[in-house]
Amino acid sequence: MFTWIFFFRLLQIPKFVSVFTYNISRCYYIVTEEFHHEGDVVVGAFFPLHTFYTEKKMPHKTVLYQYLDNQIQYNFKNYKYILALQFSIEEINRNPNLLPNTSLGFDFYNVRFTEKYTLDNVFIWLTALVHRKYFPNYNCKKRNFTAALTGTSWIISAQIGTLLQLFKFPQITFGPYDLLLSDHGQYPSLYQMAPKDTSLSLAIVSLMAHFRWSWVGLILPDDHKGNNIVSDFREEMERKGICLAFVKMIPATWTSHFAKFWEHMDETNVTIVYGDVDSLEGIMRNIEQRLLTQNVWIMNIEHHVIDRADYFMLDSFHGSLIFKHNYKENFEFTKFIQTVNPNKYPEDIYLPKLWHLFFKCSFADINCNVLENCQTNASLDVFPRHIFDLSMNAESTSIYNGVYAVAHSLHEIRLQQLQMQPYENGEGMVFFPWQLNRFLKDTEVKDKRCLDWRQTIDTEYDILNFWNLPKGLGLKVKIGSFSANAPQGQELSLSEQMIQWPEIFSEIPQSVCSESCEPGFRKVALEGKAICCYKCTPCGDNEISNETDVYQCVKCPEGHYANTERNNCFQKSVIFLAYEDPLGMTLASVALCLSALTVFVIGIFVKHRDTPIVKANNRALSYILLLTLTFCFLCSLNFIGQPNTATCILQQTTFAVTFTMALATVLAKAITVVLAFKVSFPGKIVRWLMLSRGPNYIIPICTLIQLLICGIWMTTSPPFIDQDAHTEHGHIIILCNKGSAVAFHSVLGYLCFLALGSYTMAFLSRNLPDTFNESKYLSFSMLVFFCVWVTFLPVFHSTKGKIMVSMEVFSILASSIALLAFIFGPKCYIILLKPENNSFTHVRKKTYSRKNYPKI
């Protein structure tokens, strides 16, 4: 398809070049550019059909002819204004329910290039109104003048309005709506048919927000309209988080050599161009000449495609997006244009010129309004759409609405006259033009949707995509719409798959100052930069952002955690030092094995209870110590498994009581040895202690003291179930909180005090002459015990969660196994592997040899 279009364009270029360079006939110089259409009531039409260029402002060579040493170019698109005027008047004249027995007509004046020439035309027309005199080629039929139709530039309307307001003569403008012209104090009889652009800035900014274009440029005229709209754009953009990379104000005296204007244009891929056709003519041509294909242009005017012999395929405006007011399609207007020809409208002096240029018709030598050698099937609908579009554009629609506004006002006047007095002698309507002002004012303030003849709606826009590849194709395809009255979030409607972007972009263009911050990051503003210029920084601990371009991360709720990407929160799983865990399983297995080993040692001692090594050092205390060590190993199991209130209390109480009994037993054994060997002359008290087994009372006394400490602890601030949600990522660790840290450290301090006391007593009796003296083993076991628990405290305070619990279990097992190994290990070695040393004969021999050992 593209190949055929391109081939067609190559064939057409020479054709149009030959047409445009065709020698202009002399009739262009002698035919007047004003004409009239007969009617009982006449509308004056003042608008331009040419584009004027001075020597400093030259276009490409196209359809030009000399006029007073200046260059004039026919703008064929403006000829549609005459056709819209002709069509609306004929439609009204055919309507029997609107102005019956009264026909509308018009006087057309081509607005030239200077204020003086424009005002001269208006003055001539007003003079004819006052004196009822007409031009020589006009007939003498009496006609009523109603209103003046002016446009497209607000400047032309303002110039004409200054003169018409002196007579309160109604003036209807069809150019873009202008706040300056809405001042009824300065222009009391001027009425604008174009809809207001109250929602244009919102519509354009909504489109940018849809495509996430946050860094855009703005080009607009340096006049009151530009100054008003720029504040609207800034307000809407600030609300949507969009920034302006630059704002270029088009000076009134535009020149293509204004180099400073084009600075920083490459900072963005999207640029808004706002203004009317007249104010943007120079900048649009300059953009086209510079071939700026790296930009998406967003405009509020339909760019006029003019076929030029430059043979370029690319066009600066291909892929542009155009906002225009939504209006009803008028298919009757299209049919009307297809029937237009010079024979049907002989008074129209422009149709012969068009037929002469495009269909190679020749002017008759006698009359320049008569054509010869024309094609019989020549019609305006054969023109390419970029040369002449058959559908109504915005200005044509405003002309249509304006003529109907005049017709309805006249109809109201006629109804009032009929109610007051019927016509006499068959005379037509008698009125003064200023009488229309009251009705036109009512028409202007009414809701446009309440008037079925109105074709536009202020708050609705069509979005067109400009297809111009290859250059000259000139299609404007509707790809969406905007309605400010639609429900929130549904104002903008787009068919993205239909959009053709500039050739440099293979997908939807991006226009940002900084790349978007992905989920998991937040935006940090850069000092001295626009809010759209920022850097991305990761969210903090346990914070997430699940959207792009957020300024603040959200903290995960309690019991949830942020994933590693920090874009989602997940429910934390509850964990504890369970038997199923490898660590918990290992510690439990070790505890059970050591307790079984202790029971095995008890069995050995019971079996060999009558041997010297068992009977030595108080056999009963050995049994108590072994049983206590068994419970010490088993109490570590309280720390493994899911905690509850009971286990939390049992953990600390069983640990404290069993270890107190163990250390008290060791202390009792050490004191027994000291009393037996250190006291050379025992007194009555010492003898009573030895005979009554007084050291054995140390165990219950020390245990009662520990029970008192635990009782105070459990009463004031007992241990409780706690949760640790921070130690392990994604997990909530359930553990037992000690409750009172002072009580816990008091228990440990008391145990260390007993260990230190036992160590001291054992150290004092280490060299006593006993065959099976275990003082050395007692002192060494206490030293290891003391080191284990002193080392435990800093480790306990530096770890969290399951590691802290496992360290406590490890300390219990390590200190218990130290007591078991160092106190009972050597005895089991002798009992099992050296039985010959565990006999009374061996003891007597060893004692005898010690007595006969020579003293030094």
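The values are calculated or read from the model by the stated rules, or taken from the named source; none is laboratory data. Every value quoted in this text rests on a predicted model; they were computed, and no experiment measured them. With ideal geometry, Cβ positions are generated from the backbone for all residues, glycine too; neighbour counts draw on all protein chains shown. The protein model used for the area step is the full one, side chains on, heavy atoms only, and it has no ligands, DNA or RNA in it. Shrake-Rupley method; radii C 1.70, N 1.55, O 1.52, S 1.80 Å.
Here are the numbers for the structure shown:
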item: With DNA, RNA and ligands ignored, accessible area of Leu707 (1.4 Å probe; Å², nearest 10); result: 80 Å²
item: Lys328 accessible area, 1.4 Å probe, all protein chains in place, Å² to nearest 10; result: 110 Å²
item: Label-point separation, Ile712 to Asp266 (7 Å along Cα→Cβ), nm; result: 8.3 nm
item: Region 521-571, accessible surface, carbon-and-sulfur percent (1.4 angstrom probe); result: 49 percent
item: Probe 1.4 Å, accessible area per residue of region 521-571, Å²; result: 65 Å²
item: Cross-link pairs Lys77/Lys360; Lys260/Lys478; Lys328/Lys360; Lys353/Lys478; Lys248/Lys529 - those with Cα-Cα distance over 25 Å; result: Lys260/Lys478; Lys328/Lys360; Lys353/Lys478
item: Area accessible to solvent at Thr564, 1.4 Å probe radius, in Å²; result: 110 Å²
item: Sparsely packed trypsin sites (Lys or Arg not before Pro) within region 490-584, loop by DSSP, other Cβ within 10 Å at most 16; result: Lys529
item: Count of lysine pairs in region 582-841 with Cα separation under 21 Å (8 or more residues apart, or interchain); result: 17
item: Rounded if a/c under 1.5, otherwise prolate or oblate - region 367-418, Cα gyration tensor axes; result: oblate
item: Relative packing of peptides 401-411, 485-495 - highest average C-beta neighbours within 10 Å first; result: 401-411, 485-495
item: For region 139-247, convex hull of alpha carbons as volume per residue, Å³; result: 123 Å³
item: Sequence of Trp434, Trp154, Trp501, Trp355 from largest to smallest accessible area, 1.4 Å probe; result: Trp434, Trp154, Trp501, Trp355
item: Surface accessible to a 1.4 Å probe, per residue, for the residues of region 582-841, Å²; result: 46 Å²
item: Alpha carbon Rg of region 521-571, scaled by the compact-globule rule 2.2 N^0.38 Å; result: 1.25
item: Rg/Rg_ref, region 582-841, where Rg_ref = 2.2 N^0.38 Å and atoms are Cα; result: 1.08
item: Accessible area in the full protein assembly, largest first, 1.4 Å probe, for Lys240, Lys80; result: Lys240, Lys80
item: Segments 164-172, 744-752 sorted - mean Cβ within 10 Å per residue, highest first; result: 164-172, 744-752
item: Under 5 Å, built H, 5+ apart or other chain: amide partners of Phe145; result: Val42
